Amino acid sequence: MPVINQRFGAQLLGVENCPHCGVTHPLLNRVWQSQGFMPRNDGLPKRVWAAFACLSCGSLVTAEGVPGSDVNNALIENIYPDMWMADNEIPAQARRYLDQARRTLASPDASVLMSAASLDAMLKEKGLADGSLFARIELAVKNGILTEGMAQWAQRVRLDANNPRHADADVPHLTGEDARRAFDFAKSIAEILYVLPGRMPLGEEGGAE
């Protein structure tokens, strides 16, 4: 079944957020499409491909057709980068903040605030509910939840989030790069703390005897 229920056309529809800049309902215009099935030598079914440019950030999103479908009217099966969604293994509150951080990447101040909130929610879920976020990050290192390196990045996200929260006139607004960095870090922490342990096969936690 196709991920996006549409066929190749002048625009790529049905994408909720640009996977690069996060803008909502992006205008993705086709800039290239293969004239037929792309050749391959691995024996797998050939596909039609196309590339679409986001009008907001100029980045490319590629789409692949369902194998063997009509070259001139192919159904779209996948797009790349894929449309990321927070894993259900992540606690609900942290997951909501993380999803909002992704959706607002085009509004960096808001996105960094949501990334910091996601980190805060994850640490609280780990039992670190008292004090400030700064104190929780430091305690997470002592408790073996975060490494020193992770804590340094978490403090960077916390400090970045303080800028729009305090709304100081002499502090510049955050950039898209700041937002992407904060989101990528928060997403990585969520994967390390919740997603990967949840995928550990039962009975393999202890290692070799």
> For the range 22-64, what relative contact order do you get, as a whole percent, if you take Cα pairs closer than 8 Å and at least 6 residues apart?
Replying inline: 39
> Averaged per residue, what accessible surface does the chain expose to a 1.4 Å probe, in Å²?
Replying inline: 57
> At a 1.4 Å probe, what is the % contribution of carbon and sulfur to the accessible area of the range 1-69?
Replying inline: 55
>> At a 10 angstrom cut-off on C-beta neighbours, averaged per residue, how do the peptides 176-188, 133-145 rank from highest to lowest?
In response: 176-188, 133-145
>> If you split all Cα-Cα distances of the range 1-121 into 10 Å bins from zero, what percentages do you get per bin, shortest first?
In response: 14, 36, 28, 17, 6
> What ranking, highest mean first, results for peptides 86-98, 50-62, 107-119 when packing means the other Cβ atoms within 10 Å averaged over each residue?
Replying inline: 107-119, 86-98, 50-62
> In the calculated pair distance distribution of the range 55-181, what percentage of Cα-Cα distances lie above 22 Å?
Replying inline: 49
> What is the set of long-range amide H partners of R47 at a cut-off below 5 Å, with H atoms built 1.01 Å from backbone N?
Replying inline: M38
>> Are there DSSP H segments in the chain that both extend 20 Å or more along their axis (alpha-carbon positions) and score a mean Kyte-Doolittle hydropathy of at least 0.0? List them, or say none.
In response: 108-125
>> Over the chain, what is the relative contact order in percent, taking alpha-carbon pairs closer than 8 angstrom and at least six residues apart?
In response: 17
> Which semi-axes, in whole Å and largest first, does the equivalent ellipsoid of the range 110-191 have when worked out from the alpha carbon gyration tensor as the square roots of 5 times its eigenvalues?
Replying inline: 22, 14, 10
> Counting pairs on different chains as well as pairs 8 or more places apart, how many Lys pairs in the chain have Cα atoms under 27 Å apart?
Replying inline: 5
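The values are calculated or read from the model by the stated rules, or taken from the named source; none is laboratory data. Bear in mind that the values here come from a model prediction, so they are computed numbers and not experimental data. Virtual Cβ from ideal backbone geometry, glycine too; neighbours counted across all protein chains shown. Just the protein is used for accessible areas: all its heavy atoms, side chains included, with ligands, DNA and RNA removed. Shrake-Rupley method; radii C 1.70, N 1.55, O 1.52, S 1.80 Å.
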